[in-house]
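Notes to accompany the following structure.
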Amino acid sequence: MAEFEYTANPARIVFGAGTLSRLPAEVRALGGSRALLLGTSAAGTDRAATGIDRAETGTDRAAAALGPLLAARFDWAAMHTPVEVTESALELLRANDIDCLVAVGGGSATGLAKALALRTDLPQVVLPTTYAGSEVTAVLGQTEHGRKTTLTSPKVLPETVIYDVELTLGLPVALSVTSGVNAMAHAVEALYAPQANPVTERLAVESIALLVRALPRIVADPADAGARADALQGAWLAGTCLGSVGMGLHHKLCHTLGGAFGLPHAQTHTVVLPHAVAYNAAAAPAAMRLIAGALGVTDAPRGLYDLIVDLGGPISLRELGLAQADLPRVVELATATPYPNPRPVTADGLTALLTDAWNGHAPQSSGPPDLNPLTDEVVASFANTPDRRTRELLGDLVRTLHGYVGRNDLTQPEWQRAVEFLTRTGQISTPTRQEFVLLSDVLGVSSAVDILANSRTPDTTPSAVLGPFYVDGPPETPHGADLAAGLPGTPMFADITVTDIGGTPVADAVVDVWQANEDGFYDVQLPDLEGPVLRARFHTNSLGKLTFAAILPAEYPIPEDGPVGQLLAAVGRHPYRAPHVHFMIAKPGYRTLVTQLFVQGGRYLDSDTVFGVKTGLIVDFPEHQGPAPDGRPGPWRSLNFTFRIAAG
């Protein structure tokens, strides 16, 4: 059991389309009456980095919505939150008796609001227009004298976040891509952070999956409101991860590159992410599997790089304006202070990472090659299958098998052993020994199919697996017959009734019965026996009844001399089945019931090797001391049970 701590940062989230209209009410709810509106719509800001056209519209719309609540407006928020910009805004704040902060835009506007809240403890309402995710974190990054530092404080966490999908519809495609990958970086690093836990893991995986689905749709159609909503939700979840756990190498490098060298924030995150992930891949294999799964690939670093290329995002630090001569200084700054990271951060390692990132080289594979093209080709080969259900089953089977091969990086010898195992399973199977059914049983597949197929009529008797020893067409047998034919064992006399779910007897139902002998063998396993033993077919009478004699079933091992027995021995599992009698009940107009009755108090009820035991099938076989119904001396057992079958 893993031990962990989880910190949930409190915040009010308002999500939807047109939610900007709720801004005045949210400001008043925080006690605000004189709001300072923060944005990045002034001349002189970095339009490429901020998506200025949309920010201007959003800020102006927010100003109109605030109406008399708007006391002042500051339009000079800048990337990396320079301290001198914060001080200018602080002067405006103090001169206008501000009691609430409203930020509209990306990380720059949000960062400025946080910086002001840190200094004044004023409440904040943030309306994101990009996918920064920082709006739901208690983290603030500030730049002073060319150096960016971060701090965590509850004072900087915005009290309310209003996500309005309409504010993102005009976000330029290029910025949508880099902003989305920036958000994805928060989720990726959360998966291998020292404070990683099951909660952030689920949030991070869902965040990555949402963004991976949304970004290609935004590139194809920037006005796709559904894709924009998915991207906003992905950013929200990513930011929640960022606010709950510490970040590692990726964020350290991006802060260094942005704070000391002025590189644009989201674009820098986009370029660095695949290379930072590749650097940590060998030290965080579980995280890599989760990332790759969310991306739908087998190799996480290469999958991230290919996604960025497909989206048309930047792939090199060179194209962002970093000089190659600056790389040693980046390494020096990034290694100056220790910080948590799965793989130790070394100067040589960072030099190689940054060199690849500067050149835009694809990260070297840390896992198996991408099997998706092959998988798609095989699935496409079934496209002309006339039966749609067959086509779907085959396609999903191929995807599942290829996914298993890729996730486990299956080797040629491992594959060969699997083929040999299946070959032996087929070779040992006969009309009376179904080793493949036995394999399905011990892997729980038979029980899984049984649950899916037969657990949707709760008023009927529970079903159970057929097992490998059923033989079609057992001998027709009269009521009261002794199926044991003189075999040793405790006599058992059964009185069985079959009704529908309303309790009405079902006459002339075909009831097949079979069980193992006292030593755990079925008749088909004993070649010296003449004819079927402990196996019969009955027809219920007009009252839905039948009777027969047999012996009390005992626990027994499944056959251990074949591949399935060898598998159980290899994994340390016992081969025993709990004691039971098999029944199959059929009649036209009714659902066929395949089931088993288990002896209450019998061994292995809690660890049946084929996972066939269900609570409703554990029944009492009471013991009697007097003479048996056929005159034999006691002790003997009885079985009285009513099966309920469903029409259909």
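Among the residues of the stretch 56-84, the ones that are open to solvent by less than 30 Å² (accessible area, probe 1.4 Å), part of a strand (DSSP E or B) and closer than 16 Å to residue 105 by Cα come to 1 in all. Inspect all residues belonging to the stretch 189-196 and state whether any of them is open to solvent by less than 10 Å² (accessible area, probe 1.4 Å), modelled with pLDDT of 95 or more and within 25 Å of residue 80 (Cα to Cα). Checking the stretch 189-196: not a single residue is open to solvent by less than 10 Å² (accessible area, probe 1.4 Å), modelled with pLDDT of 95 or more and within 25 Å of residue 80 (Cα to Cα). Checked against (1) in contact with a His (Cβ under 6 Å, 6 or more places away or on another chain); (2) farther than 17 Å from residue 580 by Cα, residue 476 meets all criteria but (1). Against the test of being charged (D, E, K, R), surrounded by fewer than 24 Cβ atoms within 10 Å (Cβ to Cβ) and under 23 Å from residue 250 (Cα atoms), the options 166, 144, 159 yield a single qualifying residue, 144. Screening residue 334 on (1) touching a helix residue (DSSP H, G or I) at 6+ places or on another chain (Cβ under 6 Å); (2) among the small types (Gly, Ala, Ser); (3) open to solvent by 40 Å² or more (accessible area, probe 1.4 Å) shows it passes everything except condition (3). Once the stretch 494-532 is narrowed to residues that are part of a helix (DSSP H, G or I) and touching a residue at least 40 places away in the same chain (Cβ under 8 Å), the residue that is surrounded by the fewest Cβ atoms within 10 Å (Cβ to Cβ) is 525. Just one of (1) of a type outside the set (Val, Ile, Thr); (2) closer than 29 Å to residue 644 by Cα; (3) open to solvent by 50 Å² or more (accessible area, probe 1.4 Å) fails for residue 397. It is (2). Kindly indicate the residue of the stretch 112-171 that is more than 24 Å from residue 232 (Cβ to Cβ) and small (Gly, Ala, Ser) and also modelled with the highest pLDDT among those meeting that condition. Ranking the qualifying residues of the stretch 112-171, first place goes to 153.
Given the criterion in contact with a Lys or Arg (Cβ under 7 Å, 6 or more places away or on another chain) and of a type in the set (Val, Ile, Thr), identify the matching residue among 165, 188, 212, 181. Of 165, 188, 212, 181, the one residue that is in contact with a Lys or Arg (Cβ under 7 Å, 6 or more places away or on another chain) and of a type in the set (Val, Ile, Thr) is 165.
A Cβ distance below 9 Å, combined with a sequence gap of six or more or placement on separate chains, defines the contacts here; from the stretch 61-88, residues that are over 24 Å from residue 254 (Cα atoms) reach residues that are outside any helix (DSSP H, G or I) and of a type in the set (D, E, K, R) in the pairs 63/73; 69/34; 70/34; 71/34; 71/97; 71/99; 72/34.
In this structure, is residue 47 modelled with pLDDT of 95 or more and open to solvent by 60 Å² or more (accessible area, probe 1.4 Å)? Here the answer is no, as residue 47 does not meet what is asked.
Pairs are defined by a Cβ separation below 8 Å, a sequence spacing of at least 6 or placement on different chains, a first member in the stretch 307-333 that is without any contact (Cβ under 8 Å) to a residue 24 or more places away in the chain, and a second member that is part of a helix (DSSP H, G or I) and open to solvent by 60 Å² or more (accessible area, probe 1.4 Å); the pairs so defined are 328/351; 331/351. Scan the stretch 557-569 and give yes if some residue there is within 24 Å of residue 607 (Cβ to Cβ), of a type in the set (S, T, N, Q) and open to solvent by less than 60 Å² (accessible area, probe 1.4 Å), otherwise no. There is no residue in the stretch 557-569 that is within 24 Å of residue 607 (Cβ to Cβ), of a type in the set (S, T, N, Q) and open to solvent by less than 60 Å² (accessible area, probe 1.4 Å). Remark: pairs (first residue in the stretch 256-271, farther than 17 Å from residue 186 by Cβ and of a type in the set (Gly, Ala, Ser); second residue in a helix (DSSP H, G or I) and open to solvent by less than 20 Å² (accessible area, probe 1.4 Å); Cβ separation under 9 Å; 6+ apart in sequence or on different chains) = 260/330. Scanning the stretch 553-604 for residues that are touching a residue at least 60 places away in the same chain (Cβ under 8 Å) and assigned to a strand (DSSP E or B) yields a total of 12.
For the stretch 343-365, the candidate set comprises residues that are in a loop (DSSP other than H, G, I, E, B) and surrounded by fewer than 19 Cβ atoms within 10 Å (Cβ to Cβ); within that set, the residue that is farthest from the chain's Cα centre (by Cα) is 346. Whenever a residue of the stretch 406-425 is closer than 16 Å to residue 565 by Cβ, its partners that are among the small types (Gly, Ala, Ser) and outside any helix (DSSP H, G or I), lying with C-beta atoms within less than 8 angstrom and at least six residues away or across chains, give the pairs 424/562; 425/562. Filtered by the rule that a residue be touching a helix residue (DSSP H, G or I) at 6+ places or on another chain (Cβ under 9 Å) and either part of a helix (DSSP H, G or I) or aliphatic (A, V, I, L, M) (or both), the stretch 187-201 gives 187, 188, 189, 190, 191, 193, 196, 199, 200, 201. Taking the listed residues 483, 466, 439, the one that is aliphatic (A, V, I, L, M), under 19 Å from residue 513 (Cβ atoms) and within 34 Å of the chain's Cα centre (by Cα) is 466, with no other qualifying. In the stretch 89-129, the qualifying residues are those that are open to solvent by less than 10 Å² (accessible area, probe 1.4 Å) and of a type in the set (Val, Ile, Thr), and the one that is nearest to residue 40 (Cα to Cα) is 104.
Within the stretch 310-329, the set of residues being more than 37 Å from the chain's Cα centre (by Cα) and under 30 Å from residue 285 (Cβ atoms) comprises just one member, 327. For residue 271, the conditions (1) assigned to a helix (DSSP H, G or I); (2) open to solvent by less than 10 Å² (accessible area, probe 1.4 Å); (3) at pLDDT below 95; (4) closer than 30 Å to residue 84 by Cβ are fulfilled apart from (3).
Taking the conditions exactly as written (open to solvent by 80 Å² or more (accessible area, probe 1.4 Å) and modelled with pLDDT of 65 or more), does residue 3 satisfy them or not? Against the criterion (open to solvent by 80 Å² or more (accessible area, probe 1.4 Å) and modelled with pLDDT of 65 or more), residue 3 qualifies. Restricting 439, 546, 466 to those that are hydrophobic (A, V, I, L, M, F, W, C), touching a residue at least 12 places away in the same chain (Cβ under 8 Å), open to solvent by less than 60 Å² (accessible area, probe 1.4 Å) and not in a strand (DSSP E or B) reduces the list to 439.
A search for C-beta distances below 8 Å between a residue of the stretch 606-624 that is without any contact (Cβ under 8 Å) to a residue 24 or more places away in the chain and any residue that is of a type in the set (D, E, K, R), counting only pairs 6+ apart in sequence or on different chains, returns 622/637; 623/637; 624/637.
Is it the case that residue 242 is aliphatic (A, V, I, L, M), in a helix (DSSP H, G or I), modelled with pLDDT of 90 or more and on the phi < 0 side of the Ramachandran plot? Spelling it out, it is not the case that residue 242 is aliphatic (A, V, I, L, M), in a helix (DSSP H, G or I), modelled with pLDDT of 90 or more and on the phi < 0 side of the Ramachandran plot.
The values are calculated or read from the model by the stated rules, or taken from the named source; none is laboratory data. From a predicted model like this one, the values you see are computed outputs, not experimental measurements. So basically every Cβ, Gly included, is an ideal-geometry build from the backbone, and we count neighbours across all protein chains shown. To get the accessible areas, we keep the full protein, side chains included, count just its heavy atoms, and leave off ligands, DNA and RNA. Shrake-Rupley method; radii C 1.70, N 1.55, O 1.52, S 1.80 Å.
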